[in-house]
Amino acid sequence: MKAQYKQVLARFTQKIRENGGSTYAIEYADAFKSKIVELRYPQEPPLQADQGTIAAHLQAIGSFIRPWGIKWLNQKLDAVVSELKIKLSLGRAINMLHEWLPTFIYMDNYRIFTGEAHLDQVQQRFHNQQPTDEDYTIRLIMEQAGLDLGEEVEKGNAQDRKQRMLNMKTASRTLTKKVAHRWSQKEYEIDFDADGQQLIMFTKDTGSDALVRLEERSKGFQWFFSFDMLFMAETGGEFRNAVILLDEPGLHLHAQAQRDLLRRMRAYAKDNQLVYTTHLPFMVDSTRLDNIHICEEKPKEGVKVHQDWAAAGRDARFTLQAALGFSWSQSLFVGQYNLVVEGVTDFWFLTTLSELLRQAEEKGLDEELVITPAGGASKVAYVGTILRGQELQVAVLLDSDHEGESAYEQLVHQWILEDSHVLMLGPVLGVEGNRCLEDMFAEEYYLEFVRAAYRKELGEKELSVPPQGKRSIVQRVEAALKTLGIERFNKGRVAKRIMGDLAGKSLGDLPSGTGDNFARVIAEINRLVTKWRGEKSGE
């Protein structure tokens, strides 16, 4: 009986596999159970090989099961069907997620290709499952040019050199059309040449007849070309909707070339998500400090990623500090007209709202103005004095609070700036009391991002701030958080969230009055630049 029982179950299992697996089993589970209770227990179950229907298998199983076994089998069947339903739903969800997953492209170095290959040898190494990195690169390049490795090996043994030459010209035009326009520094063309099994690839600048092998071009060109090949292959030629992961890009480039690479990476990031690691100061984008995270490796905790820079160790912050130092030193000496602000969040807000004003066809900051964050009100006087000592035109924008007033006293009475060149935010806006740039936003708009930034710390607690009065929004939020047990308020956390929101908005999307507030401050700054420019022209 046991052998017959196993045989019938085996056939039933096979039937399930042939008819859709889990879905089929779930669909016929109730029929299986109802059939069991109708059947008796004979000495020999009716089992015929030609009965392949689901009903026949149900009858064959049920006809030799004892009553006590029916209950047990029903329980087991219910448990199995329940698990199958869960796994089936989970499987569908996983399949759907797979369809939504973007393409991931990882690159830690450019692929080397000397510009010359013997195709039959390349093919042989692939057949032997021993291809080199260069073999993969040449095959990738050929595929993007519309060339098939196997076909080209066969053509290499043929005698029709004219047709081969035409094929190479077609491949050259195909690849040039796909990638050449992406190298912004100088337009170039791809040129393939083939002689028997030897394939040679050249590049030439548009308008020039000089052919240059790929390996003789600059390292930067080779990196871009190699990455574009990989990028194009992985995204099906779309160059978009991918997550690009770059490990230490630009190691082989000098400082100026690293800046060029950074500009190119911004272009990649327009239609893709770009994440890269670097230890190079010139590869840190000082215009998007809100995007920077610091990574450090801790002995017992592994790799930690910090969005709050202050939480990282001194060594981990070194690259960022060096980058900001270079950026700052450049700002000190390249701008004829300069504005010093207290912190980087002031820089973010001014430059971003200036751009939104321009997009709305209103006046933004003067394009010749260089803004330098000092790193706090206490450092504004020092930075402003250094700039003035370089015989540059300097203005300072300060919060109307105790620290701002102290810096004002130093700049005007102890240092060398004119009173009119030190702008206090309150008087500029025509209001009394303490004011900072965060007060330029509508109160509820700013509080929305405070709550988002401190969601974890707040938990179920409700954040509310006292009326404006003479305190700035930052001071009132700081006081409100302390009453809820949150001792330290980091306005940079809030600023980063606001910057993320502003990235997708126009001026008209912002709460009423925001644009007018920033326009008033920017107009006052521009008034000084116009004055400086007039003084210079009158010399």
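Where a number appears in this text, it was derived from the coordinates with a stated rule and is not lab data. A quick note: this is a predicted structure, and the numbers were derived from the prediction, not measured. Note that we place each Cβ from the backbone using ideal geometry, even for glycine, and neighbour counts take in every protein chain shown.
Listing for the model above:
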| read-out | value |
| --- | --- |
| Approximate spin-label separation Glu405-Arg240, in nm, with each point projected 7 Å along Cα-to-Cβ | 5.5 nm |
| Members of Lys155/Lys178; Lys304/Lys461; Lys379/Lys482; Lys461/Lys482 lying beyond 22 Å, as alpha-carbon distances in this model show | Lys155/Lys178; Lys304/Lys461; Lys379/Lys482 |
| Shape call, region 107-234: gyration tensor on alpha carbons, a/c limit 1.5 | oblate |
| Potential extension, Cys295-Ser218 segment - 0.36 nm per residue separation minus Cα distance | 24.6 nm |
| Given charges at beta-carbon only (K, R positive; D, E negative), |dipole| of region 107-234 in Debye | 360 debye |
| Given charges at beta-carbon only (K, R positive; D, E negative), |dipole| of region 335-539 in Debye | 520 debye |
| Furthest towards positive pole of dipole, His421, Met440, Met499, structure part region 335-539, Cβ charges | Met499 |
